Amino acid sequence: MRILAIISGEYGQRHVNNIRTHGPDDWTVEVWRAPAVLPPVVDYPEDYLPEALPPADLILSFAEHKGVAELLPDIARMTGAQAVIVAVDNEAWLPRGLARQLRRWLADIGVACATPKPLCTLTERDYASGRRQRNEHGSALIAEFARRFGQPELRLSVDAHTRRIVSAEVVRDAVCGSACYVAQRLVGVSADDAEQEAGMLHHHYPCLASMGKDADYGDTLMHVSGNILKDNVGVQVRPFKHVQYIRPGKRSE
């Protein structure tokens, strides 16, 4: 698969580095750095695009400026891409109204689009845009990417006698690499502490999602991202956790 990643800073470069390091050997990842300054409304996209861009099957937009969204239909035409993933780890980078417009613009030219908020809600089938709001993308190319990167999924093995994690396999990494980071450090952790430890490790990585409160979740996107990983760990260690029962004392006469 040929991938064109659009970046504007360290956030996007970190994602690119992880994909290049842990992605399949037959993936090629080219990078285009978007302009640092764009007008509030981009009337003439060609003024901000290079003369040529490498051919691509899938575009990954990690840009930290909402104006880049207005360039994406032209970039898809230039590259021949059939699918686009736009990371929304900050509402300011792609406001919900613009996200709807972008999906419509791309659909009009036959290009599939996913706008996962946050990015680590992406799966082979769908992605989230808010609390209890999931949208199907219907793209084989996006599904191929999401098999490797998207909503973190770990496969844990827990020793039934010691109740400690003995292995942690990364089934699907977060695009930023946080799932690999957490998995490596969960080995040896008690089932009682694993869920909380996963959340702490996720923050220490650190997660780059926004700490501003998001209206679609009523929470910060960083917390949403951390809870996804904690929930994945929590379900697997629950049967091994030590549960204390408190027996009420006798009432006095």
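For region 202-247, enumerate the residues that are of a type in the set (A, V, I, L, M, F, W, C) and over 18 Å from residue 157 (Cβ atoms). Across region 202-247, the qualifying residues are 207, 208, 209, 211, 215, 221, 222, 224, 228, 243, 246.
Scanning region 198-218 for residues that are of a type outside the set (A, V, I, L, M, F, W, C) and without any contact (Cβ under 8 Å) to a residue 24 or more places away in the chain turns up 203, 204, 206, 213. In region 171-193, the residues that are free of Cβ contacts under 8 Å to residues at least 12 places away in the same chain and acidic (Asp, Glu) form no Cβ pair under 7 Å with any partner that is outside any loop (DSSP other than H, G, I, E, B) and crowded, with 21+ Cβ neighbours inside 10 Å, whether six or more places apart or across chains. For region 95-127: of the residues being farther than 22 Å from residue 177 by Cβ and aliphatic (A, V, I, L, M), which is farthest from the chain's Cα centre (by Cα)? Result: 109. With respect to (1) touching a Gly at 6+ places or on another chain (Cβ under 9 Å); (2) at pLDDT below 95; (3) in a loop (DSSP other than H, G, I, E, B), the lone exception for residue 116 is condition (2).
Among the residues of region 66-96, just one is touching a Cys at 6+ places or on another chain (Cβ under 8 Å) and among the small types (Gly, Ala, Ser), namely 83.
Using beta carbons and a limit of 8 Å, which pairs, at least six apart or on different chains, have the first residue in region 88-113 and crowded, with 21+ Cβ neighbours inside 10 Å and part of a helix (DSSP H, G or I) and the second one β-branched (Val, Ile, Thr) and at pLDDT below 95? Final answer for the pair search is none. Counted as qualifying within region 149-251 are the helices (runs of 4 or more DSSP H) with 2 or more residues that are farther than 29 Å from residue 12 by Cα and not assigned by TED's automatic domain parsing to the domain that holds residue 97, namely 191-204, 221-237. Residue count for region 125-138 under the criterion of being in contact with a strand residue (DSSP E or B) (Cβ under 9 Å, 6 or more places away or on another chain) and in a loop (DSSP other than H, G, I, E, B): the result is 4.
The values are calculated or read from the model by the stated rules, or taken from the named source; none is laboratory data. Predicted, not measured: the structure shown is a model, and the values here were computed from it. With ideal geometry, Cβ positions are generated from the backbone for all residues, glycine too; neighbour counts draw on all protein chains shown.
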